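This report concerns only the one structure given below.
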Amino acid sequence: MHCISLPSSHHPLPSPPKTTFKLTCHVVPRMSLDNNNNSRSNGFNIINNISKLLWGPSLPPGLLISTVRTAWTSTWQIMMSQLAPSDPSGGYTRPPSKFRLSHQNPTASTTKLHLYVGLPCPWAHRTLIVRALKGLEEAVPVSVAAPGLDGSWEFKDIPDKDKNRDKDILVPSRDKVNGCQNLKEVYRLRKGGYNGRATVPLLWDVDKKEVVCNESYDIIEFFNSGLNGLAQNPGLDLSPVELKGKIEEWNRAIYPNVNNGVYRCGFAQSQEAYDVAVNGLFSTLDRIDDHLGGSRYLCGDRLTLADICLFTTLIRFDLVYNVLFKCTKKKLLEFTNLHAYMRDIYQIPKVAATCNFPVIMDGYYQILFPLNPGSIRPVMPIGCEHEFLSRPHNRESMSSVGKSVQYVL
């Protein structure tokens, strides 16, 4: 899974038809004060009548509304077809990742790796969290791209005055290994070049100048078990053998209905597709919420990759998806257990530093033009602030007696 962004080719919204009115001004000799007043009154009436003809008492006339609606709908459909490929019913279909991790995995002793991410992207976010929990920050340096107005992922330094006061919070950066201006340039550096979709996350072989992988789940599995020789926390196993079956079972429910489900709601191009997606999303969230009433994490008292994959969608839910993607049936804050569960994971050391909420909001509200043409970013909803997320979650008591939760660094 990977993050998509708005294609660089835009189709401008056609301008509404213009109506030209030719006004003929007759100069009349001034005869008296009353005549002058009548002249002014007549001029005002002409302007007033034109205004009413153009706009009516409060809204444009039906013909203008109909024209603009038709033009905007056609333009929206064109843009959505490029932003979000759909099936015949109008349902969003996520394109598969191009570069999967092969059986000939890179070895820590011979390969210098670099990770490219974008902070708004939930798929890239999961790689940042596993990298942090495993203590791979030095072994796998990271460059943070930001979404540009044309939909591409760009590299740029943030001015000091705009940087987050908390120096531990990740912010967009320059390309620290290749010096590229955008992610598409990085992909093109590989042998044979590449002109396809430039998505994050991207795991890069520095010496060979080659794409290792751009599938997020492959990357987090590799970070979890493939680089223990370089990890500062090699004992942490987020996918233990005895839990793999449960992890896969949760992923089969969470990926289509929650991780991708919010995108299926937001990118739906028909009412039918939206209804199917939103029903699947909230029925799955209800099921998870019920389960978490008696279990600290999805697979018991042990944090796993399934929890990481769910968390990166939950942390964006009230922040973005509830409003922008029309996931409006309930806010996460309204669920009995899900919000406390999210706070539990957020408070794990190093996780909060991977969450830059203003950058996340900008990456959706100011970039996804077809969903938010005005690019207006709303205020941050209650329950999404760092201070609120740092409140006690009271979920420690759900851990089995005598067993410590497996995230201690």
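The values are calculated or read from the model by the stated rules, or taken from the named source; none is laboratory data. Bear in mind that the values here come from a model prediction, so they are computed numbers and not experimental data. Quick reminder, even Gly has a Cβ in these numbers, built from the backbone with ideal geometry, and neighbours come from all protein chains shown.
Quick notes on this one:
- Residue in the stretch 150-162 that is modelled with pLDDT under 95, under 24 Å from Leu303 (Cα atoms) and surrounded by fewer than 18 Cβ atoms within 10 Å (Cβ to Cβ) present: no
- Filter result (under 15 Å from Met342 (Cα atoms) and in contact with a helix residue (DSSP H, G or I) (Cβ under 8 Å, 6 or more places away or on another chain)) within the stretch 274-293: Leu285, Ile288, Asp289, Leu292
- Output for the stretch 109-129, where each listed residue is touching a residue at least 40 places away in the same chain (Cβ under 8 Å), surrounded by fewer than 24 Cβ atoms within 10 Å (Cβ to Cβ) and of a type in the set (Val, Ile, Thr): Thr111
- Residue list for the stretch 250-276, restricted to those being polar (S, T, N, Q) and assigned to a helix (DSSP H, G or I): Asn251, Asn257, Asn259, Gln271
- Scope the stretch 330-381; condition modelled with pLDDT under 95 and within 22 Å of Leu292 (Cα to Cα); matching residues: Thr336
- Subset of the stretch 272-291 [farther than 19 Å from Ile129 by Cβ and either buried (at least 16 other Cβ atoms within 10 Å of the Cβ) or in contact (Cβ under 8 Å) with a residue 60 or more places away in the chain (or both)]: Glu272, Ala273, Tyr274, Val276, Ala277, Val278, Gly280, Leu281, Phe282, Thr284, Leu285, Asp289
- The lone criterion from (1) surrounded by fewer than 22 Cβ atoms within 10 Å (Cβ to Cβ); (2) under 30 Å from Asp150 (Cβ atoms); (3) without any contact (Cβ under 8 Å) to a residue 60 or more places away in the chain left unmet by Val320 is number (1).
- Subset of the stretch 332-360 (residues that are closer than 13 Å to Cys384 by Cβ and part of a helix (DSSP H, G or I)): Leu332, Leu333, His339, Met342, Arg343, Tyr346, Ala352, Phe357, Pro358, Ile360
- The requirement of being of a type in the set (Val, Ile, Thr), surrounded by 18 or more Cβ atoms within 10 Å (Cβ to Cβ) and either without any contact (Cβ under 8 Å) to a residue 12 or more places away in the chain or at negative phi (or both) is not satisfied by Ile376.
- Filter result for the condition that a residue is in contact with a strand residue (DSSP E or B) (Cβ under 8 Å, 6 or more places away or on another chain) and either farther than 29 Å from Asn224 by Cα or not β-branched (Val, Ile, Thr) (or both), over Asp307, Asp301, Asp318: Asp307
- For beta carbons closer than 7 Å, sequence separation of 6+ or different chains, a first residue in the stretch 209-221 that is assigned to a helix (DSSP H, G or I) and a second that is surrounded by fewer than 19 Cβ atoms within 10 Å (Cβ to Cβ), the qualifying pairs are Asp218/Arg100; Glu221/Ser239.
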